[in-house]
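Chemist: The structure is given below, and queries will be raised subsequently.
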Amino acid sequence: MGVKIHELQGPKGIPFLGVVFQLDLPRIHQQIEQWADVYGDVYRLDLVNTNQMVVTRPSLINAIANERPHAFKRAGKLDQVIREGGVHGVFNAEGEDWKRYRAIVTKGLDVRHQQEFYPDLAEKVKILYEKWKKDADHDRIIDIQQDLLRFTVDITTLLAFGYDIDTMRQEGGVIQDHLEIIFPTLFKRINMPISWYKLYRSKNDKAFERAIAEMNKIIDVFIDEARKKLEQEPTRKEHPHNLLESVLVAAEEEGKFSIEEIRGNLMTLLMAGEDTTAHTLTWMILLLLAEPKAVDHIRSEADQVLGDDIYCAQYSDNQKLKYAEAAANESLRFKPVAPILLHEAIDDIVLEGFFIQKGQKVMTQYRHGALLDRYFTEAKTFKPERWLKGSECPVHNTDAFTPFGAGPRYCPGRNLALLEIRAVISMLYKNFEVELAPGERVEEVMAFTMMASSLKVRLKNRVK
Ligand code: HEM
């Protein structure tokens, strides 16, 4: 039958509660890695009257991912908590709902839409450049993570709703403020062994409910406006300008999407697209502070591709920024912003000799494997070159690199994220030098995504 969950080793806990009191949620991804060093790449974590199978072995992570959606669903608590927050979209849906949502979201994020959208994206990169230029001219210390969060919320809102919220040029971006309450609360609830918030609503829980309600109102306004535009300009139905229009057209044609579903999927895209990309960029900038040679490569590539331009205005040029992309991959290997995925077996299944019973919770964490020499040559060294054609790294097992997930539920926003990353990174290093602010210490904090505690830097105009 295969190895059963109770036969697996794992950290010792106390009766009934297991290791619950040992868990340090903001650093749970690191604890998972430390335990993998001791108990191996498949082990057991005892939690309140239940247990999790923890998998850091790349082949098994991929096998589980590939058996979705029929054999594994996203773990129960995640779906429950997101639904309680009033969101039902492609990330937490299962079965037939997931198929319908996935089709429409994938379409909205496809290459054709990205090409059409690229001028808007480039315009946002220009606004970011103008801000950073002023910061450099005034020798200011800035929290670059906050700038990047505003940049990605502007991009995602434009792509999803066709609405220019322009948080980069306005103080206190409303959507950003709401998401800053929504994300950490969701993460906290997902990881709560007991759902205390159902018995007692704290100040934070009330703020969370208000943030969700406000977000719903904002999205309803977007939906109303988009409906009007589609009525006024029926040609838009042939070529929807943004994701919201695509969903509305599909909903009209197939009569399949309720207002809650449309809202849920748009909210999902905002949640999935914003923090992930901004935090990946933040980590990349931090890692590059210690990698002057890689920065030189990024610069010379940007000089070559962009010529005299300060940012990459053409989609086709963006595709040429291969070294910048390689550096992004390498950053994601060290600092994956979504390192942990939670699954639940829908039925009994045997994979790689492990018997996984129906209802079994499985936690996959891929960074542990991504930093082992077994899977990547000199795995602990930052080497963007390993991702380039003709690389001289003999060991390069891409099964051990799944920052965007794997299988049918693989991240549909990957290409958009890389498009944004190449555009920002080439602009940043073409025009500026980056220095860490004095006394700044950056730590990994797990709060739905794995983010940097902050990243304060000083930008200087590049001397050519
Ligand atoms: C660097 C940036 C990003 C990273 C690292 C990332 C990572 C991930 C990961 C790990 C998953 C889970 C995949 C799985 O279960 O196998 C995921 C799912 C998803 N991502 Fe991303 N993501 C990023 C950017 C984006 C963007 C820009 C969007 C869209 C605007 C997006 C939309 C989604 C959606 C809709 C899902 C759910 C897919 C499904 O369940 O079928 N992501 N992402």
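Laboratory data are not the source of any read-out in this text; all were calculated from the coordinates shown. Keep in mind that what you see is a predicted model, and the values were worked out from it rather than measured. In this analysis, Cβ positions are derived from the backbone assuming ideal geometry, glycine residues included, and neighbour counts consider all displayed protein chains.
Chemist: What ranking, highest mean first, results for peptides 229-240, 91-102 when packing means the other Cβ atoms within 10 Å averaged over each residue?
Modeler: Top to bottom by mean Cβ count within 10 Å: 91-102, 229-240.
Chemist: OK, next. Which value at 222 nm does the chain reach when only helices count, each DSSP H run of 4 or more adding -39,500 (n - 2.57), with the total divided by all residues and rounded to the nearest 500 deg cm²/dmol?
Modeler: Mean residue ellipticity at 222 nm (helix-derived): -16500 deg cm²/dmol.
Chemist: A follow-up question, please. Where nothing but the Cβ of Lys and Arg (+1) and of Asp and Glu (-1) is charged, how large is the charge dipole of region 5-461 around its Cα centre, in debye to the nearest 20? Don't skip to the answer; put the middle values down first.
Modeler: On the way: 59 positive and 69 negative charges, 167 e Å.
Result for region 5-461 is approximately 800 debye, rounded to the nearest 20.
Chemist: What is the packing order of peptides 274-284, 175-185, 201-211, taking the mean over residues of other C-beta atoms within 10 Å and listing the highest first?
Modeler: Highest-to-lowest ranking by the protection proxy: 274-284, 175-185, 201-211.
Chemist: Roughly what percent of Cα-Cα pairs across region 38-152 reach past 20 Å?
Modeler: 68 percent
Chemist: Which number do you get for Rg(Cα) / (2.2 N^0.38 Å) in region 282-434? Mind dumping the intermediate values first?
Modeler: Details: Rg = 18.1 Å, N = 153, 2.2 N^0.38 = 14.9 Å.
So region 282-434 has a normalised radius of gyration of 1.21.
Chemist: Take the Cα coordinates of region 193-238, assign each an equal point scatterer, and use the Debye formula without solvent to give log10 I(q)/I(0) at q = 0.15, 0.30 Å⁻¹.
Modeler: Cα-only, vacuum Debye calculation for region 193-238: -0.57, -0.97.
Chemist: Right, next: Checking the table Lys188/Lys380; Lys107/Lys256; Lys293/Lys380; Lys131/Lys460; Lys12/Lys73; Lys77/Lys198 against a 19 Å threshold on Cα-Cα, which pairs fail?
Modeler: Lys188/Lys380; Lys12/Lys73
Chemist: While we're looking at this one, here's another question. Go through region 366-373 residue by residue and turn each phi into a ³J(HN,Hα) via Karplus (6.51, -1.76, 1.60, θ = phi - 60°); whole Hz please, and just put x for glycine and proline.
Modeler: Going residue by residue, I get 9, 5, 3, x, 5, 10, 9, 4 Hz, with x marking Gly and Pro.
Chemist: A further question on this structure: Provide Rg and Dmax in Å for region 361-419, with only Cα atoms included in the calculation.
Modeler: Gyration radius and largest Cα-Cα distance of region 361-419: 13.0, 40 Å.
Chemist: Now, a different point. Using just the Cα positions, wrap the chain in a convex hull and report its mean projected area in square nanometres, one decimal place.
Modeler: The directionally averaged projection comes out at 23.2 nm².
Chemist: Quick one, what does Rg over Rh come out to for region 130-217 if you take C-alpha atoms and the Kirkwood Rh?
Modeler: 1.09
Chemist: When averaged across all projection directions, what area in nm² does the alpha-carbon convex hull of region 233-369 cover?
Modeler: Details: hull surface 55.4 nm².
Averaged projected hull area, Cα only: 13.9 nm².
Chemist: Further question on the same structure: State, as an integer percentage, the relative contact order of the chain based on alpha-carbon contacts under 8 Å between residues 6 or more apart.
Modeler: Details: 713 pairs, mean separation 119.4, N = 464.
Computed over the chain, the figure is 26 percent.
Chemist: In the chain, with Lys and Arg counted as +1 and Asp and Glu as -1 at Cβ, which of these residues, Thr156, Thr402, Asn329, has the Cα nearest the positive end of the dipole, that is, farthest along it?
Modeler: Thr402
Chemist: Hull surface divided by four, with the convex hull built on the Cα atoms of region 76-222: how many nm²?
Modeler: 10.9 nm²
Chemist: When the gyration tensor of region 289-341 is built from Cα positions, what are the square roots of 5 times its three eigenvalues, in whole Å, from largest to smallest?
Modeler: Here the semi-axes work out to 24, 15, 8 Å.
Chemist: A further question on this structure: Above 14 Å lies some portion of the pair distances; for region 22-91, what is it as a whole percent of all C-alpha pairs? Please report the intermediate quantities before stating the final value.
Modeler: Values: 1712 of 2415 pairs.
Roughly 71 percent, rounded to a whole number.
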